[in-house]
Amino acid sequence: MKIKRSFLSGVAGVTLTATLAVSTAIAFAAGNQDGHHGDKAATGEPGKASEVSRTIEIKMFDAYYEPEDISVKKGETIRFKVVNAGELVHEFNIGTAATHSAHQEEMMLMVEHGVLEADKVNRNMMKMGMGNGMTMDHSDPNSALLAPNETAEIIWKFADGEELEFACNVPGHYDAGMMGEFSIE
Amino acid sequence: MRKSLMRVFSLGLMASMSTALLPVLTFAGTYNLTVDKVLIDTGDFTKEGIGYNGKSPGPILRFNEGEEVTINVTNNLEETTSIHWHGLILPYQMDGVPKISYPGIEPGETFTYKFPIVQTGTYWFHSHSGFQEPDGAYGSIVIDPKKRKPFRFDRDYVVQFTDKHPHSGKRIMRNLKMASDYYNRQQQTLGDFLSDVNKNGFEATVSDRLDWGSMRMMATDVEDVQGFTPLINGKGPEQNWTGIFNPKERVLLRLINSSAMTYFDVRIPGLKMTVVASDGNYVQPVTVDELRIGVAETYDVLVRPKDDKAYTIFGASMGQTAYARGTLAPRDGMSADIPEMSIRPLLTMADMGMDHGTMEGMDHSSMRGMGSKEDKFYAKGSGIAPTAANGGKFLSYVDLKAQKPLYKEREATREIELRLTGNMERYIWSINGVKYEDADPIKLQYGERVRFKFVNETMMTHPMHLHGMWSILDVGAGKWNPAKHTISVAPGTTVYSETEVDATGQWAFHCHLSYHADAGMFRKVVVEGGPKTASLTTTGKGVPQ
């Protein structure tokens, strides 16, 4: 990847970032470095409010999102304002297809234990112990589980993970198409 | 000179397009159907039958929600015909049932249906005269919504099942009246007797046979009629109807069961199905491996084939005597393995509503949130309760919950009990022991909410269909109970459904198994009261919320 001299001249910071980008690209191409330092590095991490570059409004309907495609830049911190504009409970969850699949099984358990109903979330039941040292507490920073009309905010800093999706893991919703894609540049 | 010629040409083309059956995306479309004698080729046999616009199945009618449709139907047969729009809410004069909605359509006559479309989803249409429907007179209806659909798909296909028989409908009815087991080839034999003795002991086996004998029924009677070739979109298993997809696309399959008598257990090995609609109404999405589609029911399912290979759409008849087969593939000419059918089920005493001493353990139904493995829409210990062939999830009525309830929940104003009855020996089918011709109509008052209690006192599964109004099936989900047009009632069970009586006029209400309906399992429902101006352009969908 050739970088034009004129672009680089004068700004040391840009040069540094550009060089880093180049070296990372080379590493991927060479295939001798594992780009993933666990799922967290690929998915990103909770962001700081002070670093938010823009705010995106996410509307959840039955059963789809508006918008369905979001472009983000590597390292960008975005504030998501999520609102449930539907009549059923929905989730906005940032992850990969694999993490979503695992989460769907967890949500199914929540339905079976009566914690999750079609249009209601029984949050008081979530603290209930399931007898194996786990609870059904739904407080991950990359996810918002909302009943109709509820709103939430998620501030997220994107890393360079590929195939990142936002999805609703309420049983059946993902399969019905309630998911969207992040294109990370 | 050339320009005007082209203009005439294109006008002519447009004119002929509108008289052909290409859907015109206006809000007042005109559609033309002819009812014709056609040749049906199943791959196993060819037979003369009845179709629409020269073919069976007839065309897919695509309407838009809010459209005022005009459908001209011309009868090219030598007998009266009719077309009923199954599941559509419309003025009763447009419902297409001879002697209830109108006299029918005489040979050579053209009847014009005109009504507004007040709903969306997958439906179908068929003749309501004689046995024309089993003889091939059926087609499909797809209604697109005004607003965005609650699920995403890249393409959709109608997947319409039927059970085409080498005998005509009239002949089948004659044979059933003559000997009710005429088509029942799986009668238990001496060989079966001896192997049962081996398994259960002599006394138990003799006692079982005597019990069945005293009821004048054969334990194998899961299907009334056998010997048919199941078709998908008019094609038999060898002919292999194929739907093309691009890998990773979401495909919506509009499953319609347009059979005379057959329920199909449908699965697509390698693909899960996400059910998003039932009988035209959206349900909360539920993903399953297999489902049973009753006669006259519809299910919209989403599949997402990820690989560049073919998948088999497999529909085994409920009695596992025949199968329908189609293919989903990225290109024409591909096919996948066809699964084996399962062991033929036998009805048990439980299906007769008799429990011969089997004690149930704890009553799990009272424990909230604990899913019971048993499907409460089948008798406990039933021989026909389905299980998924791959060990996965089989759809139950209990899984169907409305996505957006059509009506507000309220207490029913009264209950009407309908015992589903019959005399298998003489092939008489009835309601409360009375055949249609001897029965009074069921009278309902506009504005009431009736709770129908179906008590199945017979050995067969009956798909009960009320015309003109929704049947809200009680699956135990309160306000989320789904609104359907066809409710299947398994042997030995009691099923409840509620109807908001909001459509004046007279309506048919019957078992949708063709030969049962003809034998008397049928009623006329009369709805009295309602707005005086029940004109053709004013049809409300529900009681104001």
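Every number in this text was worked out from the coordinates using simple rules, so none of it is lab data. These figures come from a predicted structure and were not determined experimentally. With ideal geometry, Cβ positions are generated from the backbone for all residues, glycine too; neighbour counts draw on all protein chains shown.
Would you mind giving the mean number of other chain beta-carbons within 10 Å of the Cβ of each residue in B:148-160, as a whole number?
3
Over chain B, what is the relative contact order in percent, taking alpha-carbon pairs closer than 8 angstrom and at least six residues apart?
Relative CO of chain B lands at 13 percent.
I want the local charge near B:Gly51. Using Cβ-Cβ distances under 13 Å, sum +1 for each Lys or Arg and -1 for each Asp or Glu among the other residues.
Spelling it out: positives minus negatives among the neighbours equals -1.
If we count other beta carbons within 10 Å of each Cβ, what is the order of B:His167, B:His485, fewest first?
B:His167, B:His485
Mind checking region A:81-129 for trypsin sites (Lys or Arg not before Pro) that DSSP puts in a loop (not H, G, I, E or B) and that have at most 11 other Cβ atoms within 10 Å?
When the trypsin sites (Lys or Arg not before Pro) of region A:81-129 are filtered for loop state and at most 11 Cβ neighbours within 10 Å, A:Lys127 remain.
Along the three principal axes, how long is region A:90-157 when you take its alpha carbons, biggest first, rounded to the nearest angstrom?
That gives 35, 28, 18 Å along the principal axes, largest extent first.
Helix B:169-178 versus the longest principal axis of chain B: what angle, 0 to 90°, nearest 10, using Cα atoms?
That helix lies at roughly 20 degrees to the long axis.
With a/c under 1.5 counting as rounded, go ahead and sort region B:369-454 into rounded, prolate or oblate using the C-alpha gyration tensor (a ≥ b ≥ c being the square roots of the eigenvalues; past the cut-off, prolate if a/b is larger than b/c, else oblate).
It is oblate, given that a/c is not under 1.5 and a/b is not larger than b/c.
Give the lysines reachable from A:Lys157 as a straight Cα distance under 18 Å; neighbours fewer than 8 places away on the same chain don't count.
A:Lys157 reaches A:Lys40, A:Lys48, A:Lys73, A:Lys74, A:Lys81.
Using a basic spin-label model with each label point 7 Å from the Cα along Cα→Cβ, how many nm lie between B:Glu528 and B:Arg419?
Once both label points are built, they end up 2.6 nm from each other.
Going by a ≥ b ≥ c, the root eigenvalues of the Cα gyration tensor, does region B:411-515 fall in the rounded group (a/c under 1.5), the prolate group (a/b larger than b/c) or the oblate group?
oblate
Which ³J(HN,Hα) values in Hz, rounded to whole numbers, follow from the phi angles of region A:138-152 under the Karplus curve 6.51 cos²θ - 1.76 cosθ + 1.60, where θ = phi - 60° and Gly and Pro get x?
Taking θ as phi minus 60°, the curve returns 10, 10, 6, x, 9, 8, 10, 10, 10, 7, x, 6, 6, 10, 7 Hz for region A:138-152.
Other chains near B:285-295: what is the mean number of their Cβ atoms within 10 Å of each residue's Cβ?
Across the residues of B:285-295, the mean count of other-chain Cβ atoms within 10 Å is 2.
Place the peptides B:266-275, B:245-254 in order of packing, highest mean first, counting for every residue the other Cβ atoms within 10 Å and averaging per peptide.
Answer by packing, highest mean first, reads B:266-275, B:245-254.
Among B:Phe45, B:Phe264, which comes first, then next, by fewest other beta-carbon atoms within 10 Å?
Ascending number of Cβ neighbours within 10 Å: B:Phe45, B:Phe264.
Count the net charge of all other residues whose Cβ sits under 10 Å from the Cβ of B:Ala389, scoring Lys and Arg as +1 and Asp and Glu as -1.
Counting the neighbours of B:Ala389, the net charge comes to -3.
Quote the Stokes-Einstein diffusion coefficient, in whole µm² s⁻¹, for region B:57-181, based on the Kirkwood radius over alpha carbon pairs, a temperature of 37 °C and a viscosity of 0.692 mPa s.
It diffuses with D of about 202 µm²/s by this estimate.
Report, to one decimal in Å, the Kirkwood hydrodynamic radius for region A:47-179 based on all distinct Cα pairs.
Evaluated on region A:47-179, it is 15.3 Å.
Once you charge only the Cβ atoms, +1 for Lys and Arg and -1 for Asp and Glu, what is the size of the charge dipole of region A:95-176 about its Cα centre, to the nearest 20 debye?
380 debye
Among rounded, prolate and oblate, which fits region B:101-145 when a ≥ b ≥ c are the square roots of the eigenvalues of its C-alpha gyration tensor, a/c under 1.5 means rounded, and a/b larger than b/c means prolate?
Oblate, because a/c is 1.5 or more while a/b does not exceed b/c.
Starting from the Cα of B:Lys453, step 7 Å toward the Cβ, then list every residue of region B:499-527 with an amide N under 17 Å from that point.
B:499
Size of the dipole of chain B about the Cα centre, Lys and Arg at +1 and Asp and Glu at -1 on the beta carbon, nothing else charged, in debye to 20?
Using Cβ point charges on Lys, Arg, Asp and Glu, chain B gives about 1960 debye.
What is the fewest-to-most order of B:Asp399, A:Asp160, B:Asp224 by other Cβ atoms lying within 10 Å of their Cβ?
By the 10 Å Cβ count, ascending, the order reads A:Asp160, B:Asp399, B:Asp224.
Given H placed 1.01 Å from N in the peptide plane, which residues other than close sequence neighbours of B:Thr458 have an amide H under 5 Å from its amide H?
Here the answer is B:Gly492, since their amide H atoms fall under 5 Å of that of B:Thr458.
In whole angstrom, note down how far apart the Cα centers of region A:108-185 and region B:53-122 are.
Their Cα centres are 47 Å away from one another.
Where does each of B:156-165, A:61-70 land if you order them by average Cβ count within 10 Å, highest first?
B:156-165, A:61-70
Relative to the longest principal Cα axis of chain B, at what angle does helix B:2-19 sit, 0 to 90 degrees, rounded to 10?
Roughly 30 degrees, rounded to the nearest 10.
Pop the C-beta distance of A:Glu68 and B:Lys55 into the FRET formula with R0 = 41 Å and round what comes out to the nearest 0.05.
After rounding to 0.05, the efficiency reads 0.60.
Out of B:Met273, B:Asn246, B:Tyr323, whose Cα points farthest toward the positive end of the dipole of region B:220-327 (charges: +1 Lys, Arg; -1 Asp, Glu; placed on Cβ)?
Positive-most Cα among the choices belongs to B:Asn246.
Place +1 on the Cβ of every Lys and Arg and -1 on the Cβ of every Asp and Glu in chain B, take the dipole about the Cα centre, and give the residue among B:Val69, B:Gly294, B:Thr122 whose Cα lies farthest towards its positive end.
Of the listed residues, the answer is B:Val69.
Does anyone have the angle between helix B:190-200 and the longest principal axis of chain B? Alpha-carbon axes, 0 to 90°, nearest 10?
With both axes taken from Cα atoms, the answer is about 60 degrees.
Taking each residue in A:175-183, count the Cβ atoms of any other chain within 10 Å of its Cβ, then average. What number comes out?
5
Mind jotting down the three principal axis lengths of chain B based on Cα atoms? Whole angstrom, largest first.
Here the spans come out as 94, 57, 51 Å, largest first.
Around B:Ser140, under 14 Å between beta carbons, what's the net of Lys plus Arg minus Asp minus Glu among the other residues?
That works out to -3.
Evaluate the distance, in nm, between pseudo-label points positioned 7 Å from the Cα of A:Glu51 and of B:Val197 along their respective Cα→Cβ axes.
8.3 nm
Could you work out the helix-only [θ] at 222 nm for chain B, with each DSSP H run of four or more residues adding -39,500 (n - 2.57) and the total divided by the number of residues, to the nearest 500 deg cm²/dmol?
-3500 deg cm²/dmol
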